[in-house]
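The values are calculated or read from the model by the stated rules, or taken from the named source; none is laboratory data. Remember, it's a predicted structure, so these values are computed and weren't measured experimentally. FYI the Cβ positions are ideal-geometry reconstructions off the backbone, even for glycines, and counts take in every protein chain you see.
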Amino acid sequence: MAASFIWGINTLLLVDAGLTNTQAFAANAFVTAGLVLFEVPTGVVADLRGRRLSYLLGTLTLALSDGGAGGRQGSPVPRFGTHA
């Protein structure tokens, strides 16, 4: 219940930040696809090579993905169609 509740809140925040419903849906879809794309291999790495390496790779991926994505002009979400 709590995991699905955040998607409704996130969608409201994205729409409030100026995204259309389609853009908010696309943003949520990309996040979900990213979860599947990265969480499954991370579990395989944890099983084969250990949890520590899996954690470090996950932390590195998160750090790289957050590099320029959010926080522009005080906004916690990226602005679509604008640059720096």
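Would you check if Val15 is surrounded by 13 or more Cβ atoms within 10 Å (Cβ to Cβ), more than 13 Å from the chain's Cα centre (by Cα) and at pLDDT 85 or above? In short, yes. Taken over the stretch 8-44, the criterion of being of a type in the set (A, V, I, L, M, F, W, C) and either in contact with a strand residue (DSSP E or B) (Cβ under 6 Å, 6 or more places away or on another chain) or more than 22 Å from Thr61 (Cα to Cα) (or both) is satisfied by Ile9, Leu12, Leu13, Leu14, Val15, Ala17, Leu19, Ala24, Phe25. Here Gly34 does not qualify as of a type outside the set (D, E, K, R), in a loop (DSSP other than H, G, I, E, B), at pLDDT 80 or above and surrounded by 11 or more Cβ atoms within 10 Å (Cβ to Cβ). Residue-level check: of (1) in a helix (DSSP H, G or I); (2) within 12 Å of the chain's Cα centre (by Cα); (3) at pLDDT below 85, Gly70 misses just (1).
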